[in-house]
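Data block below; observations after.
The values are calculated or read from the model by the stated rules, or taken from the named source; none is laboratory data. This structure is a prediction, so every number in the text was calculated from the model and none was measured. Because the Cβ atoms are built from the backbone with ideal geometry, glycine has one as well, and the counts that use them run over all protein chains shown.
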Amino acid sequence: MALTLPTFSPQIVKVLNLYTPVNEFEERVSVSFIRTIQTRLRGRCESPQLLMDTKVIYPVTFPFNPSALALETIQIPSSLNLGFLVRV
């Protein structure tokens, strides 16, 4: 039996409309922002799958930035309580 899930676009817009700021540092969601979100949601094809597929492997790359500082010159302060570390 196939389960069809409702589209979440109306719920997203409803949450944005009902949002009430907690204090004076936050501002209400502007009408123009809500209209922009509605326009983007109309062009989006929604997937019935709510969570990511855990069997799919997504590649991640981390840039390597070499340092000119030699690790041998680093002094670890005793206030960090890392006495169990041994310099090799």
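Miscellaneous remarks
- Taking the stretch 35-88 as the range and being modelled with pLDDT of 90 or more and either touching a strand residue (DSSP E or B) at 6+ places or on another chain (Cβ under 8 Å) or surrounded by 10 or more Cβ atoms within 10 Å (Cβ to Cβ) (or both) as the test, the residues that pass are Arg35, Thr36.
- Listed by first and then second residue, the pairs with beta-carbon distance under 6 Å, at least 6 apart or on different chains, first residue in the stretch 1-22 and closer than 14 Å to Arg44 by Cβ, second modelled with pLDDT under 85, are Thr7/Glu46; Ser9/Leu41.
- Once the stretch 3-22 is narrowed to residues that are modelled with pLDDT of 80 or more and in a loop (DSSP other than H, G, I, E, B), the residue that is surrounded by the most Cβ atoms within 10 Å (Cβ to Cβ) is Tyr19.
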